[in-house]
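The values are calculated or read from the model by the stated rules, or taken from the named source; none is laboratory data. Please read these numbers as outputs of a predicted model, since none were measured by experiment. All Cβ positions, glycine included, derive from the backbone under ideal geometry; neighbour counts span all protein chains shown. Heavy atoms of the whole protein, side chains included, go into the accessibility calculation; ligands, DNA and RNA do not. Shrake-Rupley method; radii C 1.70, N 1.55, O 1.52, S 1.80 Å.
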Amino acid sequence: MLIKCLPVGHLMTNCYIVTDEKTLECAVVDPGDESNTILWYLEDNRLTCRAILLTHGHYDHVGAVDVLHEETGAPVYIHEMDDGAALTFDGFAYTAPEGSVHYKEGDTVTVGSLVFHVMETPGHTPGGVTLRVEDALFTGDTLFNGSCGRTDMPGGDMEQELRSLAKIAALDGDFEVYPGHMDSSTLSFERRFNPYLTALQRRGY
């Protein structure tokens, strides 16, 4: 598995291209902007996009989805709670293209030999998900390196966010953590040093 991070847009959202190196099939996680940058990477590396996977529906994570869908024909996956929901103070609501798939807890998406497992992790948004594939977690804006996503926008809920963080922290073993913004981390590091996760441990989560 090869993971390429492309920070895109004015908020430097992490768009990830996750590739099966044997088949050159890939999934694009959170194409937030700069569709040309993403498409050039796919073309330059002769990759076939099989799925567009969204961790949530905020505008900075979905800005290039429609162009990417039109150019590649890859289906779009999003939780139904974030499809068409107004999730920002200005009322922005992203509606996924016709034929998109609403995935939920326990669903899987297969791309080549890679299997993405869906975990519902609401709090930042009602339909936030974390995607687990092999030893990698794509946490969107739920879990950051040393922090977590804000919950003061429409649909945000701090208690849900804390439960989602506890759910991620309770996973067996260690994982590479690929968040929606800023640097990657590991789950073992976050369990030890992330103040939200350490506070949850003290509360007995």
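Quick notes on this structure:
- Residue ranking by accessible heavy-atom surface, 1.4 Å probe, largest first, among 175, 189 comes out as 189, 175.
- In segment 109-162, the convex hull through the Cα atoms has an average projected area of 4.0 nm², a quarter of its surface area.
- Of the chymotrypsin sites (Phe, Trp or Tyr not before Pro) in segment 84-141, the ones in a loop by DSSP (not H, G, I, E or B) with at most 12 other beta carbons within 10 Å are 89.
- Under 5 Å from the amide H of residue 133 lie the amide H atoms of 117, 138, each residue being 5 or more positions distant or on a separate chain, with H modelled from the backbone and absent for Pro and chain starts.
- Look at the Cα gyration tensor of segment 60-205: its axes a ≥ b ≥ c give a/c of at least 1.5 with a/b at or below b/c, and that counts as oblate.
- Long-range amide H partners of residue 123 with built H, under 5 Å: 128, 157
- In segment 18-77, the trypsin sites (Lys or Arg not before Pro) that fall in loop regions by DSSP, at most 15 other Cβ within 10 Å: 22, 46
- Placing +1 on the Cβ of every Lys and Arg and -1 on the Cβ of every Asp and Glu, with nothing else charged, gives segment 143-205 a dipole about its Cα centre of roughly 260 debye.
- Calculated FRET efficiency for the pair residue 37/residue 80, C-beta based, R₀ 30 Å, to 0.05: 0.55
- Only helices enter the 222 nm calculation for the chain: every DSSP H run of n ≥ 4 contributes -39,500 (n - 2.57), and dividing by all residues gives -6500 deg cm²/dmol, rounded to 500.
- When you filter the GluC sites (Glu not before Pro) in segment 77-142 for DSSP loop state and at most 10 other Cβ atoms inside 10 Å of their Cβ, you are left with 98.
- Computed over segment 1-52, the convex hull of the alpha-carbon atoms projects to a mean area of 3.0 nm².
- Residues whose placed amide H lies under 5 Å from that of residue 79, excluding near-sequence neighbours: 103
- Distance from the alpha carbon centroid of segment 6-75 to that of segment 89-166 works out to 16 angstrom.
- Fully extended contour minus Cα-Cα distance, from residue 150 to residue 198, at 0.36 nm per residue: 15.5 nm
- Based on protein heavy atoms only, segment 119-192 ends up with 38 Å² per residue of surface accessible to a 1.4 Å probe.
- In terms of its C-alpha gyration tensor, segment 79-151 comes out oblate, because a/c is 1.5 or above while a/b does not outweigh b/c.
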